[in-house]
């Protein structure tokens, strides 16, 4: 019975270590390659990082810095941007973790729905 307890403790320790090594910096799936940001309006970007961590964002040569709260949630607001038909890169960094979002455009965002 003692060896079973030792095995369970070892497995639990290995799982905990693996979860601790997983990256804390992440964004929702809506923030992804090939997205379009609305021109002329502030744009909110959000995600999660380590609790109280600094998060640096860079888009269109504009740096922005925010701090995650105690739950690891962060939110940044980009200022209104002009239309740009040239794809840009959004870089989000926290500590040694980095997320790169490629091929981001700024323009008109249309939401259409209907019934046929």
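Just so it is clear, none of the values below were taken in a lab; they were calculated from the coordinates. As the structure is a prediction and not an experimental result, all values here were calculated from the model. Neighbour counts are summed over all protein chains in view; Cβ atoms, including those assigned to glycine, are modelled from backbone coordinates with ideal geometry.
Values for this structure:
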read-out: Fewest-first sequence of 86, 91, 77 by Cβ atoms within 10 Å of each Cβ; value: 86, 77, 91
read-out: Projected label distance in nm at residue 71 and residue 38, using a 7 Å step from Cα toward the beta-carbon; value: 2.4
read-out: Span from the the stretch 89-116 Cα centroid across to the the stretch 38-68 one, whole angstrom; value: 12
read-out: Where labels lie 7 Å past Cα in the beta-carbon direction, separation of residue 29 and residue 115 in nm; value: 2.8
read-out: Where only alpha carbons of the stretch 30-107 are counted, the Rg and the Dmax (Å); value: 12.4, 38
